Amino acid sequence: MKCERCRDLLWAYLEQETTAEEAKEIEIHLAECAACRKEMEDCKTMLESLHTLSDEALPKGYHAELMEALREENGAKVLPIPAGKTTAKWKQMSLVAAAMLLIVAVGGIKGVMHLRQGDYGVSVQMTESADETMEMTETITAKSLPDAGETEGKAAMEQIAVPEQSKKKTASSLSNESDEGMLDDAAAEEESVAFRSAAADEAAGDRVVLRVETIDAAKIDIRECIEVLGGAVEESGDGNSICAVIPAEQAEVFYERLNKIGDAQRLTDFAQESDVYCIEIILEQK
Amino acid sequence: MPKTEEGEKAFIARAKQGDVEAFGELILQHEKVVYHVTLRMLRHEEDAKDISQEIFLKAFKNIGNFDERSAFSTWLYRIAVNTSIDEIRRRRGKQTDSLEQELESERGRMRKQVADGKETPEEYLLRQEKAAEIRQALELLSPEHKAVLILRDIQGFSYEEIAEIVELPLGTVKSRISRARNQCKAELLKTGERKGEPVRQNKRKEGGFHEM
């Protein structure tokens, strides 16, 4: 083999893309040609240096910032809401509840996971009562998750321990809101109960409080962890909790990993009767 | 995050309807690659962050035009490469950034690795020097050559994948990568000659100091 031919094939040889025959010829040539040997060393060194440039982490909070920009971009495309168009609050709420019931019934676990996405869509249509509607949505979502596995229904739900720090609405705050109109309407109440039991049937949920140094960094770690375990992620609107859907057999491993990211504390006992576990991780600053 | 091809299709359909959250799930696993390619193309972390986020916004705006004949990732990386190349072209002639600024951010990152105990200070110094040299050599390539070299030798894409990303025949991609490597290697050799083995000189100086 001539030097010129050898050099033409060097890159391919280093990537093991030459034929066995070519590789053999190159090796014979290299053994007797110092210049080509030097050339090959240079090529190899360069490839190795390039490989070292590959290890790079994303800047902190990258995904969150990007999502913010995307939502903003998307929001700009939403049509302006016509002014002065308000109806009775509870009617809107029952519509929302009915919509959620439908989503849950159709979509099962996925439906619950996407409820929060749903409320973006719904809330942009609302005017003055939008905030309250959001609150309602959150309350119902929060309540439906930990309730899984229980068949006792309402009574059991009201006993769910919700950590003070989590800032989620508790059962009592729901009744306060109900006083403002919900309870007056039997249909709305029924719908709400139906929704909750449907959610309980379809989506089993556990909750974990995770105390961490920095919430943004922890989120990235949690996401990575969920990804590695073959699960899916959903971040809540307020950004202080993450919902994970994890294969049941990985749930304990997931909890252990959470404990490495921060101080994890279970609020429920991870006994879901399902192939996949829904786990809400409530993030708190240490 | 969509795990199967079917799952990805559903997310793409939702993203096409303007569902930002679905789009967010789609891009999650590609963020690192896009950021990284952009960083190597544009050198500075700040630029890389801005431009890579711009790339995702562009992708979201144009997802309606994604015909799904290639993988979503391929389509996304194509936008990343093209946007980076355009950005380099746009900046040529009005280069305001300083090499020092770039070195500083790179040093900061590497120092962190030392602090993390991942490598010894000696390894760090050597790597820092090598990395700086190779990044400088990359700068002397045309943006198109730089792009394929980054995709192949830093990101580790296959020739076939790269051909799809840059929409060129496989043969063209292979020869372009080969040319880019040869040029890069030549630049590295020049740098080595210019510096005339500074490591050895330093050692001699240190030795002298200890003898006194």
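Some notes on this structure:
- Residue within the range A:74-88 that is modelled with pLDDT under 90, buried (at least 17 other Cβ atoms within 10 Å of the Cβ) and within 7 Å of another protein chain (Cβ to nearest Cβ) present: yes
- Leading residue by the ranking (farthest from B:Gly7 (Cα to Cα)) among those in the range A:243-261 that are outside any strand (DSSP E or B) and in contact with a helix residue (DSSP H, G or I) (Cβ under 8 Å, 6 or more places away or on another chain): A:Ile261
Here is a yes/no grid of residues against (1) within 11 Å of chain A (Cβ to nearest Cβ); (2) under 18 Å from B:Leu151 (Cβ atoms); (3) of a type outside the set (Phe, Trp, Tyr):
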{"position": "B:Asp19", "(1), (2), (3)": "yes, no, yes"}
{"position": "B:Lys32", "(1), (2), (3)": "yes, yes, yes"}
{"position": "B:Leu39", "(1), (2), (3)": "yes, yes, yes"}
{"position": "B:Asn62", "(1), (2), (3)": "no, no, yes"}
{"position": "B:Ala71", "(1), (2), (3)": "no, yes, yes"}
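The rows are residues; the columns are (1) over 17 Å from the mean Cα position of the chain (by Cα); (2) within 11 Å of another protein chain (Cβ to nearest Cβ); (3) surrounded by 15 or more Cβ atoms within 10 Å (Cβ to Cβ); (4) within 17 Å of B:Val81 (Cβ to Cβ).
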position: B:Glu133; (1), (2), (3), (4): no, yes, yes, no
position: B:Asp153; (1), (2), (3), (4): no, yes, yes, yes
position: B:Phe157; (1), (2), (3), (4): no, no, yes, yes
position: B:Ile165; (1), (2), (3), (4): no, no, yes, yes
position: B:Pro169; (1), (2), (3), (4): yes, no, no, yes
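- Among the residues of the range B:13-39, the ones that are surrounded by fewer than 20 Cβ atoms within 10 Å (Cβ to Cβ) and closer than 20 Å to B:Ile165 by Cβ come to 6 in all.
- Of the helices (runs of 4 or more DSSP H) lying entirely inside the range B:149-212, those containing at least 2 residues that are at pLDDT below 85 and not acidic (Asp, Glu) span B:170-195, B:198-211.
Yes/no matrix, rows are residues, columns are (1) at the interface with chain B (Cβ under 9 Å from one of its Cβ atoms); (2) among the acidic types (Asp, Glu):
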residue	(1), (2)
A:Glu17	yes, yes
A:Ile26	no, no
A:Glu32	no, yes
A:Cys36	no, no
A:Lys44	no, no
A:Leu47	yes, no
A:Ser54	yes, no
A:Glu68	no, yes
A:Arg71	yes, no
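- Inter-residue pairs, beta-carbon under 9 Å, first under 27 Å from B:Gly156 (Cβ atoms) and in the range A:15-37, second exposed (fewer than 12 other Cβ atoms within 10 Å of the Cβ), 6+ apart: A:Ala23/A:Gln16; A:Arg37/A:Ala31
- Selection of first residues in the range B:69-86 that are free of Cβ contacts under 8 Å to residues at least 40 places away in the same chain and of second residues that are of a type outside the set (Ser, Thr, Tyr) and part of a loop (DSSP other than H, G, I, E, B), restricted to Cβ pairs under 8 Å at least 6 apart or on distinct chains, gives the following pairs, ordered by first then second residue: B:Trp75/B:Phe66.
- Residue in the range A:52-60 that is in a helix (DSSP H, G or I), buried (at least 16 other Cβ atoms within 10 Å of the Cβ) and without any contact (Cβ under 8 Å) to a residue 60 or more places away in the chain present: no
- Qualifying residues in the range B:1-12 (those that are within 19 Å of B:Tyr77 (Cα to Cα) and more than 11 Å from every other protein chain (Cβ to nearest Cβ)) - the one modelled with the highest pLDDT: B:Ile12
- Considering residues of the range A:220-242 that are away from chain B (no Cβ under 12 Å) and within 25 Å of B:Gly7 (Cβ to Cβ) only, the residue nearest to the chain's Cα centre (by Cα): A:Ile242
Yes/no matrix, rows are residues, columns are (1) more than 16 Å from the chain's Cα centre (by Cα); (2) under 22 Å from A:Glu72 (Cβ atoms); (3) among the polar types (S, T, N, Q):
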{"position": "B:Arg43", "(1), (2), (3)": "no, no, no"}
{"position": "B:Asp47", "(1), (2), (3)": "no, yes, no"}
{"position": "B:Ser52", "(1), (2), (3)": "no, yes, yes"}
{"position": "B:Lys58", "(1), (2), (3)": "yes, yes, no"}
{"position": "B:Gly64", "(1), (2), (3)": "yes, yes, no"}
{"position": "B:Arg78", "(1), (2), (3)": "no, no, no"}
{"position": "B:Thr83", "(1), (2), (3)": "no, yes, yes"}
{"position": "B:Asp86", "(1), (2), (3)": "no, no, no"}
{"position": "B:Arg89", "(1), (2), (3)": "yes, no, no"}
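The values are calculated or read from the model by the stated rules, or taken from the named source; none is laboratory data. None of these values were measured; they are calculated from a predicted model. A quick note on method: Cβ atoms are made from the backbone with ideal geometry, for glycine too, and the neighbour counts reach across all protein chains shown.
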